[in-house]
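Inspection log for the structure reproduced underneath, given as structure tokens.
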Amino acid sequence: MSWTKIQVRGQPVPRVPARNHRMINSFVCGVSIKSHHRVSNVLRTNGSPLGSVPIRTTESQFLRGDVNGRFGRFGGKFVPETLMSLLRDLEDEFNFVLSDHEFQVGLSHAEELTTALRDYVGRETPLYFAGRLTEHYKSISRTIGDGPEIYLKREDLSHCGSHKINNALAQAMIARRLGCSRVVAATGAGQHGVATAAACAKFSVECIVFMGTADKEKQFSNILSMKLLGAQVKSVEGTFKDASSEAIRNWVGNLETTYYLSGTVVGPHPSPLMVREFQSVIGKETRRQANQLWGGKPDVLVACVGSGSNALGLFHEFVGDEDVRLVGIEAAGLGLDSGKHSATLAVGDVGVYHGSMSYLLQDDEGQILKPHSVGVGLEYPGVGPEISFLKETGRAEFYTATDQEAIQACRLLSRLEGIIPALEPSHALAFLDKLVPTLRDGAKVVVNCSGRGDKDLDTLIQRGLPSSLC
């Protein structure tokens, strides 16, 4: 087994093995084809060798990856041989719709993307100045000046209550263009499941959502929403990673009619780029809104990190702006030493899982570890290749917040601003305790409030709301 050095910003350089998790049913977005193929055991990569890095022409181009979806050594296509053509077909369709004016703008189709994002999703979402939260941190920091200003990117106000609808809507359109009559998806917190069910209802496509039994116990309201929207919700023993594997098996058995709708920036190329691209509307709006509000850019962007879709949605627009800090917050769960966390970038190793190379939570034998977080949407044992690359190059900073810190941040925002955030973005909000005291007066901080907290009320009650809140 070869050893590869992994550079961690501000920490010693450890030596960790690059492990390969061999999966026949690798994570793939489905496309419609004319005939079934036997899934082989052949695994191959696409693009440059594992240890190579794209030619560095400019910092921006280097950080944004290459045409094959590789970010340094991360990414790639680790899939069975017979699925390579499907991924190429999907990539061709993705590239086509990016340049298709009717798909993007909807001049002749009222339901197409830009129009649908505006009229159906409710974009653009506000960039909201959290005045009382700003004053709170000013008072506890006892600063003489004005202190930093905190803004929230209100993705929680999107249709279905999270950022997930941005991507689900676009991919449902692609599924329809490919002639697929059936969509399968996997969900953890249920937000991607609800968004997919809504998009499929809008476009009259059959929807099947797979969900782990452990997650279903915590997200009953989202299950009801999915069913009301017409989706079939199928239980899978375990968590999100197990639901993903089952959804993939279902897709592989129905290739002619079925599209696998990914909600995360993981998997083989082009899946991570597709999700990133459809979520990048968050950062594009943030740049425009910041310029309107204060005539400049944010100083710091903060987002929670599970697999990375909401973080990249905010970060990607600003990757080339070196004066903008990108700060991602992982779930430390019960603590990094407890073994019950989802802090892949903090303690994980590099390996291959679900079709691409990235950082993973794994044991010494290369077996995937079970993640944990009070924010169910953060319970994934890996991150996307682009997030992995942003860590390794030092372009983004990554820290952690525990379950308890996230719950406290959720309560704080609820009381101060009248906004109940989901427990996933509450991890990003929790890091403000440590971040704000280090910033200059007048610094502009944008936190991606990627979902609303209705789904987490039962969890908050079970965790024991203080009597003053009941």
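Quick check: anything in the stretch 389-412 β-branched (Val, Ile, Thr), part of a loop (DSSP other than H, G, I, E, B), at pLDDT 95 or above and in contact with an Asp or Glu (Cβ under 9 Å, 6 or more places away or on another chain)? No, the stretch 389-412 contains no residue that is β-branched (Val, Ile, Thr), part of a loop (DSSP other than H, G, I, E, B), at pLDDT 95 or above and in contact with an Asp or Glu (Cβ under 9 Å, 6 or more places away or on another chain). From the residues in the stretch 332-348 that are among the small types (Gly, Ala, Ser) and in contact (Cβ under 8 Å) with a residue 40 or more places away in the chain, which one is most open to solvent (accessible area, probe 1.4 Å)? The selected residue is ALA346.
Taking the stated definitions as given, is GLU285 among the acidic types (Asp, Glu), over 24 Å from LEU90 (Cα atoms) and touching a Leu at 6+ places or on another chain (Cβ under 8 Å)? In short, yes. Name the single residue that is nearest to GLU330 (Cα to Cα) among those in the stretch 442-467 being in a loop (DSSP other than H, G, I, E, B) and open to solvent by less than 80 Å² (accessible area, probe 1.4 Å). Within the stretch 442-467, the match that is nearest to GLU330 (Cα to Cα) is SER450. Within the stretch 232-284, the residues that satisfy the criterion of being open to solvent by 10 Å² or more (accessible area, probe 1.4 Å), part of a loop (DSSP other than H, G, I, E, B) and within 13 Å of ARG182 (Cα to Cα) are GLY253, ASN254, GLU256, THR257.
A count restricted to the stretch 181-193 and to residues that are over 13 Å from VAL376 (Cβ atoms) and open to solvent by 10 Å² or more (accessible area, probe 1.4 Å) stands at 2. Of the residues in the stretch 210-217, not one is at pLDDT 95 or above, closer than 29 Å to ARG118 by Cβ, crowded, with 24+ Cβ neighbours inside 10 Å and under 23 Å from the mean Cα position of the chain (by Cα).
So that you can scan it fast, the table gives a plain yes or no per residue for (1) more than 28 Å from SER141 (Cα to Cα); (2) surrounded by fewer than 24 Cβ atoms within 10 Å (Cβ to Cβ); (3) in contact with a Phe, Trp or Tyr (Cβ under 8 Å, 6 or more places away or on another chain):
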| site | (1), (2), (3) |
| --- | --- |
| VAL376 | yes, no, yes |
| TYR399 | no, yes, yes |
| THR402 | no, yes, no |
| HIS427 | no, no, no |
| LEU432 | no, no, yes |
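For the stretch 176-223, residues that are without any contact (Cβ under 8 Å) to a residue 24 or more places away in the chain and among the hydroxyl-bearing types (Ser, Thr, Tyr) total 1.
Selection over the stretch 431-456 of residues that are within 24 Å of ARG287 (Cα to Cα) and touching a Ser or Thr at 6+ places or on another chain (Cβ under 8 Å) gives a count of 6.
Here is a yes/no grid of residues against (1) open to solvent by less than 20 Å² (accessible area, probe 1.4 Å); (2) at pLDDT 95 or above; (3) touching a Pro at 6+ places or on another chain (Cβ under 9 Å):
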{"site": "LEU293", "(1), (2), (3)": "no, yes, no"}
{"site": "ALA303", "(1), (2), (3)": "yes, yes, yes"}
{"site": "LEU314", "(1), (2), (3)": "yes, yes, no"}
{"site": "VAL319", "(1), (2), (3)": "yes, yes, no"}
{"site": "ARG325", "(1), (2), (3)": "no, yes, yes"}
{"site": "GLY355", "(1), (2), (3)": "yes, no, yes"}
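Within the stretch 241-254, residues that are under 16 Å from SER307 (Cα atoms) sit with their Cβ atoms under 8 Å from residues that are hydroxyl-bearing (Ser, Thr, Tyr) and open to solvent by less than 20 Å² (accessible area, probe 1.4 Å), at 6+ positions apart or across chains, in these pairs: LYS241/TYR380; ALA243/THR187. Does any residue of the stretch 361-368 turn out to be farther than 17 Å from VAL265 by Cα, charged (D, E, K, R) and crowded, with 17+ Cβ neighbours inside 10 Å? Among the residues of the stretch 361-368, not one is farther than 17 Å from VAL265 by Cα, charged (D, E, K, R) and crowded, with 17+ Cβ neighbours inside 10 Å, which makes the answer no. Would you confirm, using the coordinates I've provided, whether LYS164 is of a type in the set (D, E, K, R), over 21 Å from the mean Cα position of the chain (by Cα) and either at pLDDT 95 or above or open to solvent by 10 Å² or more (accessible area, probe 1.4 Å) (or both)? No; evaluated as a whole, the condition is false for this residue.
The values are calculated or read from the model by the stated rules, or taken from the named source; none is laboratory data. If you're wondering where the values come from, they're calculated on a predicted model, not measured in any experiment. Quick reminder, even Gly has a Cβ in these numbers, built from the backbone with ideal geometry, and neighbours come from all protein chains shown. Accessible surface areas use protein heavy atoms only, side chains included; no ligands, DNA or RNA. Shrake-Rupley method; radii C 1.70, N 1.55, O 1.52, S 1.80 Å.
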